[in-house]
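Read-outs throughout are calculated quantities, based only on the coordinates presented, and are distinct from any laboratory measurement. Please read all numbers here as calculations on a predicted model, not as lab measurements. Virtual Cβ from ideal backbone geometry, glycine too; neighbours counted across all protein chains shown.
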Amino acid sequence: MKKNGPATESMRDDLEEETLAEAREHTTSYEPYLEASLGLRNHWYASFFGEELSEGEVRGEMICGERIVFKRLDNQVFALEDRCPHRGSAFSARPECYSKNTLTCWLHGFTFDVRSGKLVEVLTEPGSKLIGKLQQKTYPVQEINGVVFVFIGDMDPPPAIEQDIQPKFLQSNLVVQSVARNKSRANWRLAAENGYDAAHLYAHRNAGLFKQIDIPVPLSTFPSNKGKVTELNGDNGPWGIVKFDDINIWHAEVDGTYITAPNVDPHLEHDNWDIEVGLFMPCGLEVDYFPAPGVLHFEWYTPIDEDHHLYIIAHGAICDTPESEVIFRSRCKKELAPLVWRSEGDNNVPVGDGDTWGFNNFDDWGREQMHHVYQYENFWRRERLFRPDYIVLRWRNLVSQRLRGIQKWGTWAPTRGWSPDGKNYDPKFGPK
Amino acid sequence: MKKNGPATESMRDDLEEETLAEAREHTTSYEPYLEASLGLRNHWYASFFGEELSEGEVRGEMICGERIVFKRLDNQVFALEDRCPHRGSAFSARPECYSKNTLTCWLHGFTFDVRSGKLVEVLTEPGSKLIGKLQQKTYPVQEINGVVFVFIGDMDPPPAIEQDIQPKFLQSNLVVQSVARNKSRANWRLAAENGYDAAHLYAHRNAGLFKQIDIPVPLSTFPSNKGKVTELNGDNGPWGIVKFDDINIWHAEVDGTYITAPNVDPHLEHDNWDIEVGLFMPCGLEVDYFPAPGVLHFEWYTPIDEDHHLYIIAHGAICDTPESEVIFRSRCKKELAPLVWRSEGDNNVPVGDGDTWGFNNFDDWGREQMHHVYQYENFWRRERLFRPDYIVLRWRNLVSQRLRGIQKWGTWAPTRGWSPDGKNYDPKFGPK
Amino acid sequence: MKKNGPATESMRDDLEEETLAEAREHTTSYEPYLEASLGLRNHWYASFFGEELSEGEVRGEMICGERIVFKRLDNQVFALEDRCPHRGSAFSARPECYSKNTLTCWLHGFTFDVRSGKLVEVLTEPGSKLIGKLQQKTYPVQEINGVVFVFIGDMDPPPAIEQDIQPKFLQSNLVVQSVARNKSRANWRLAAENGYDAAHLYAHRNAGLFKQIDIPVPLSTFPSNKGKVTELNGDNGPWGIVKFDDINIWHAEVDGTYITAPNVDPHLEHDNWDIEVGLFMPCGLEVDYFPAPGVLHFEWYTPIDEDHHLYIIAHGAICDTPESEVIFRSRCKKELAPLVWRSEGDNNVPVGDGDTWGFNNFDDWGREQMHHVYQYENFWRRERLFRPDYIVLRWRNLVSQRLRGIQKWGTWAPTRGWSPDGKNYDPKFGPK
């Protein structure tokens, strides 16, 4: 965190007017984004951590409404459509593998090579004439720094994965430690916008994280002017925007009551936070640094369906030696991860009891709170944005201009209501 | 209960023919009522008991599909739309108040004066240009005899609340004691009609109430003729109808088996019940007297959405001295309330085990039983009414003629699927 | 099981080509079947076991989307529409009977003769003018060999029940023992097709049944050629098809790994299974023999609504003496029934743990797995059938040609969302 001069009033007014004006016109400026409730098509998506899939193991996921079954073989992950073409059963419901390269449907023994998707045998009618005729849809998969990415779309070959990943995630000598992977109840866009928006620090002001690390916390941070928001060129890397939150709001007042976040002395002038935060297409966040100096914080908001996303969190650091990697991973597990995420079992405390609630758990809760009004009460067109939301408008416009496609149920048979684990199955309305 | 002469056969025939004839034509005579599944617009609605909201407290409710947040300040209750105009969050999900007059959104600190609805500060961007531009919708609220009423509609000023409340609820020296407030699974109209219909006493015949108070109970009561049904003029009070149930059915016979309710001696002539019962727009019942002599019984069936209503029950009595009030309240709590309502925790007995099931719990169960056929199987147009339903037809016609408006999702962004307490949230289909 | 010569290759090719060709054209050849998601109209349906309804008892069921209340009197079962014509209440929610012949609505005492459906009294208004005017819909009912069948449709008189029951169920001296009756989450057509399809023996290969009876089990069985599939004439009996599964697949290979079911010695030539299996309209299966020699296995897949069916299982045997009946019934209960079905309470083991999972429980699970893709992801038109599915095509074509009608919500007011037991009531989407 560097100290930074305050924004001038003229900068501020300029930005504010622009935000309000853009917000007024937003129905014309980012219509494609508003249509992308199921995600962007022809992009790579973080799906799970590599450590969640051992050699030979099989798992099912739904990404952007598509059912996908993953298998690891020879330490490489392959993916197929998770509906047997014969009678539609999910391979992942009861995975069967008779060889390293194959996956067999539990119902009639249709057996596919997971590398090519080709039907290689039918155990209940060996030598079936369908062999050689049936080929299951395959998905390009890449595993980078312990995160498994899958390509959702129909470009062949797919674009380079580097164009869909946060740039700092691809740095040399980066060590990435998994933190959390949660099936969250909110549209992916609300999660992305909320993750990028540091003006809601206010809502986190009682987080245990801040108390523990004992630093002065502002009520809000956001860029002071356009120069603090940079659009990145997607030619060699992803499209995205990076912002510097150089405005720090340290206190506010309501009817004579002063409001501050913890550790703030209203009589002192605190150093501004000046965190660099980037949001990249299709749905990845990078924060430099968080939750501690020298630690990169990564998030992904991978669409499951319109009502859910995979909320994936990881921490990263440059480690030049095996020893430093060991130290970093250990610190992540013991110290950092519990600050940002606690699994449900640990979390039987009321919302807002900051000491015991993980920082990002609270985000997760907050996004769920927004979901219904946006998805089902037309709030995308009713919201009233304010100055810090300028970055949100920039993001929506960027996505609308640079997306490679919009995912629709029409591009894929509807799978709402299906859940990979077979639980909470609802024939009409999807996983709960 | 006064003794009353029996209805003559000619009166009876006359009324019966009329009921059947009206029922035959009902699709033309009360179409507006059939459209009002979400409630009537531009009316006052009982929402909760004042005792449920202490000074400074905040609570959320959904009334007629509108989300409303209430706050009490200086012993007066104010109400706002419970969606922050910025990003739609419900204030009530995590209420924050920095001053008596304000309510702050937990997400970005948008702070409103609950009296005016005006945005007075934004804690994450003090001095925001939105101040002075944003005004949250406010709702007129009045608290009368311990019940908080809210006005749903767009008349400004709203009509006098006296025109939407049962007349006897407004008597001088009336003391009102809360009995129950339950989120019930039935359309409000079914609840109102069932509450008004004493011909279903049959269904209550084994109620513990009747056994306990040890009086002869008829199988059914209803008005003998038109003269026993009076339509009230709404100029100075509410539109409503009052009936005198002077016909009392004491026994019936099926294939030689005689059916009577408890405490009935088939060899004696019992005094008729002659209870005065009124049903008032928008959805309030008054019974004079019930469940005991001298006790007024009030019910409200406030719409939540098409599938749920708030079932609010209170007892009242004229108390001229503080001492008599104390005695009345104590009697209500100990003796009367348990006869009519038992909370779920107390109620782990099978339906119809009258001794342990509250009188109105059974009504609640019965209305839920009717709901699906009416709301989703078109029973509004398939029902076959009988003579005692004459009062139901009168009610439907009265409402159709006198309603100030019909509430529609179109008049308010859809909020089905949202629940104020955040529980049982279903992105598609509302609170369960 | 008889020994049978293997199918010739030429037969095989012939059948395979035909299956593929028919599958390609199926949208034209069996459209009526694809429309019959709610069942076939004007057919008799197995509903429950007679032993589940004692003399004088009342129960509610939903069959093909119609709500029906059954009562047994003088050892004969009668059935009425389970919605009181007055206000729609379900009689079965709280059954009341004052005489042998009548059923009374618990809400206002509307009392019907269950034999004629006629309103005979109204307890809350004795002598109501509706008497003689109201007649509740009655359903033809027949009880055969301990199974209660109901006719869903509007043919009067209905066709002879013999035309809707598996022929061997009607044999002289047949003793039928109930095994299971389960509300299953899958469309009835998937259940029927799965029940008829023995090519999925593969999925059952670890069933406790096979281990216990210690016989060699093939991976799959299916008819070798058209001559092994016979369409039955429906003039004196039901329309249906009977197949002889004379092809037995004993082993298969994937990348050098041999797959066999239990008890199979790859070095021996096992006797083919040659089980005769018939599937009859509207939805009855008969297997000769299963799960043991001399035992007939019957199944019914009675539609509840589009998403559920009643899965009814019974075993039968010819017993010429009372003593042999006693022995058979005892053997069924102790030995045979537990092999095919375990109730939920007994079944807390993972799917596929064959030793503890009933044979047909696994079918039930498998059908639920297929349901979503077929019902909501258009798999009826996307499936890729293989040679053993030739029988499925025959069944679909037969049903499409011979059905007496297609059940639609339009032919009956919608009742989705209602459950006879009042549990899991969902105002929109039916029993879960």
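What the table shows:
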quantity	calculated
Normalised contact order of chain A, rounded percent, pairs of Cα under 8 Å and 6 or more residues apart	22 percent
Estimated inter-spin distance, residue A:381 and residue B:269, nm [label 7 Å along Cα→Cβ]	7.1 nm
Two-site FRET efficiency, residue B:323 against residue B:183, from Cβ-Cβ distance with R₀ of 35 Å, rounded to 0.05	0.45
Cα Rg over Rh - the protein assembly as shown, Kirkwood	1.00
Two-site label geometry, residue A:160 and residue B:129: point separation in nm, points 7 Å out along Cα→Cβ	4.1 nm
Burial ordering of B:220, A:92, fewest other beta-carbon atoms within 10 Å first	A:92, B:220
The range A:178-324: equivalent-ellipsoid semi-axes (sqrt of 5 x gyration tensor eigenvalues, Cα, Å)	27, 19, 18
Amide H contacts under 5 Å for residue B:43, placed H, 5+ residues apart	B:152
Nm distances between copies for residue B:263, ranked from closest, using label points 7 Å along Cα→Cβ	7.1, 7.1
Estimated inter-spin distance, residue C:401 and residue B:401, nm [label 7 Å along Cα→Cβ]	6.5 nm
Orphan Cys of chain A, criterion: no other Cys C-beta under 4.7 Å	A:64, A:97, A:283, A:319, A:332
Cβ-based exposure ranking for A:260, B:102, in which fewest neighbours within 10 Å come first	A:260, B:102
Calculated from backbone phi, Karplus (6.51, -1.76, 1.60) coupling profile of the range C:58-65 in Hz, x at Gly/Pro	10, 8, x, 9, 10, 10, 6, x
Charge dipole (the range C:44-152, unit charges on Cβ, about Cα centre) - positive-most of C:108, C:97, C:68	C:108
Reciprocal mean inverse distance between Cα atoms of chain A - Kirkwood radius, Å	23.0 Å
Unit charges at the beta carbon, dipole of chain B: most positive-side option, B:36, B:328, B:170	B:36
Fluctuation leader among B:33, B:301, B:376 - chain B, Gaussian network, Cα springs under 10 angstrom	B:376
Karplus (6.51, -1.76, 1.60) ³J(HN,Hα), θ = phi - 60°, over the range C:313-320, in Hz, Gly and Pro reported as x	10, 9, 10, x, 7, 7, 10, 8
Globularity index of the range B:218-270, i.e. its alpha-carbon radius of gyration over 2.2 N^0.38 Å	1.64
Cα centre as origin, Lys/Arg/Asp/Glu Cβ charges: the protein assembly as shown dipole, Debye	900 debye
Rounded to 10°, Cα long-axis angle of helix B:9-24 versus longest principal axis of chain B	40 degrees
Distance histogram in 5 Å bins (all Cα pairs of the range C:159-261, percent per bin)	2, 9, 12, 16, 20, 19, 12, 5, 3, 1, 0, 0
Acute angle (nearest 10 degrees) that the helix C:322-331 long axis makes with the longest principal axis of chain C, alpha-carbon atoms	70 degrees
Highest-fluctuation residue, C:266, C:32, C:282 considered, GNM on chain C with Cα pairs under 10 Å	C:266
Inter-copy spacing of residue B:335 label points, which lie 7 Å from Cα along Cα→Cβ, given in nm from shortest upward	7.0, 7.0
Angle in degrees between helix C:359-376 and the longest Cα principal axis of chain C, rounded to the nearest 10	80 degrees
Sorted by Cβ neighbour density within 10 Å, fewest at the top, the residues B:97, C:105	B:97, C:105
Inter-copy separations for residue C:292, label at 7 Å along Cα-Cβ, nm, ascending	6.7, 6.7
Alpha-carbon centroids, the range A:101-147 and the range C:37-78: separation in whole Å	46 Å
Net charge dipole size for chain C [Lys, Arg +1 and Asp, Glu -1 on Cβ; Debye, nearest 20]	1680 debye
From phi via Karplus (6.51, -1.76, 1.60), per-residue ³J(HN,Hα) for the range C:74-85 in Hz, x at Gly/Pro	6, 6, 10, 9, 10, 9, 10, 4, 8, 9, 4, x
Size of electric dipole in the range B:179-306: Cβ of Lys, Arg +1 and of Asp, Glu -1, about Cα centre, debye, nearest 20	440 debye
At q = 0.13 Å⁻¹, base-10 log of I(q)/I(0) for the range C:44-152 (Debye sum, equal scatterers on each alpha carbon)	-0.42
Convex hull of Cα atoms in the range C:94-207, direction-averaged projection (nm²)	11.6 nm²
Largest-first principal axis extents, alpha carbons of the range A:251-310, Å	46, 32, 16
